[in-house]
Structures are given as C-alpha cells and as structure tokens.
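Below is one structure; the comments refer to it alone.
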Amino acid sequence: EYKNVEKTFRIGCPKFTIEKIERVQNPYLWQAYQVKKKQIETQNGHKNNEKVLFHGTPHSTLVPIYQTGFNRSYAGKNAAVIGNGTYFAVESNYSAQDTYATPDQNGRKYMYVARVLTGDYCIGRTGQITPPSKNNGGFDLHDSVTDNMTQPSMFVIFHDAQAYPEYLITFRR
C-alpha cells in the first residue's frame, strides 16, 4: 500500500527524500465522501468518477485538513486561475512547489494524496465559485473543472466532501 503511494509520488518527484507516509483514518470524512460518491455515480450514470490526486499544503493546515477535510473557503489563497475551489494536481511535482508545499522551519514539506471525485468535468475559469451547468443554464452542474480536457494537470472541486485525504507524505529536498 505504502509502496504504491511512494511510487506514484516519485513519478513527479524522483529527487525528493520521503521522511514518512501516513495513512489518514477519519471515519466521518470517509462516510461523507462515500455519500457524495454514490450521489455523483447516480447522477452521472457511471462509476468512472474518482481520481487519486495530490495537494501540497503548509504545516499550518495539516491538522485542519486531517480533522475536517479540504476546505474550499481557503480558495484563492494561491492562484485561482480555473475557479475558486480546492485544487488538486495530477502530478506530484506540481503540488511539491514551495508555493503549495511550503517548507517548515526544518525544511520539511507536506503533501496529501487524496481520492477526489472529479466526476463529469469541464474547463474552468477565473472567478467560478461553482462548476458550470452541463446543459447551458440548467441545474445539472459539472462535478469539477480542469485546466485541459485532453491532458488535465489539475482539477478543482467546489464541494468539500468530494475529496478524502487518504495519505500524508512528509518529504524534503
């Protein structure tokens, strides 16, 4: 299990030293995530809605994310180019940037490996606080937004229960 997490991380960050990989176990967040997953599966009519993605974060937000999950009210703290939600990267090297995984006083950096319900997505844009409608103005919204439909490098979600922080990687240069 941990070897797979390490392998996925190392694809984008081969030169970083991993200090530890911790499995997050929060039954309340997991239950909320599972409820949202079933809802999206029902609405979309398919089960291809989940991706494993990366989220770099400073030390100060480790406990809040662990306890209450990802919080979109922090949106816009860093660049919010494709929407004001919670950002997740496809490759670990994006989330490992100091802007996101800000090193602590000991040089440690932190990154969550998360299960994210991207569902049916579309291209995002600056200023969006919800994903766009699937059918030009209707109430059926996309589940998330991305930067590129052919080769996405990031996804943004607008509902906190759409992501579960599954692992925390502590690493350094």
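Quick notes on this structure:
- Subset of the range 113-151 that is more than 21 Å from Glu41 (Cα to Cα) and touching a residue at least 60 places away in the same chain (Cβ under 8 Å) - its residue that is nearest to the chain's Cα centre (by Cα): Val113
- Residue list for the range 76-90, restricted to those being among the aliphatic types (A, V, I, L, M) and either at pLDDT 95 or above or at positive phi (or both): Ala89, Val90
- Restricting the search to strands (runs of 3 or more DSSP E) fully inside the range 83-125 and requiring at least 1 residues that are touching a His at 6+ places or on another chain (Cβ under 6 Å) and more than 25 Å from Gln25 (Cβ to Cβ) gives 121-123.
- Residue match in the range 128-135 (condition: in a strand (DSSP E or B) and of a type outside the set (Val, Ile, Thr)): yes
- Residue in the range 30-39 that is closer than 14 Å to Leu168 by Cα, of a type outside the set (Ser, Thr, Tyr) and part of a helix (DSSP H, G or I) present: no
- Exactly one residue out of Thr150, Thr130, Thr68 is among the polar types (S, T, N, Q), at pLDDT 95 or above and either farther than 22 Å from Tyr2 by Cα or surrounded by fewer than 23 Cβ atoms within 10 Å (Cβ to Cβ) (or both): that is Thr150.
- Tally, over the range 17-68, of residues that are under 29 Å from Pro103 (Cα atoms), among the polar types (S, T, N, Q) and in contact (Cβ under 8 Å) with a residue 24 or more places away in the chain: 5
The values are calculated or read from the model by the stated rules, or taken from the named source; none is laboratory data. Model, not experiment: these values are computed from the prediction. Because the Cβ atoms are built from the backbone with ideal geometry, glycine has one as well, and the counts that use them run over all protein chains shown.
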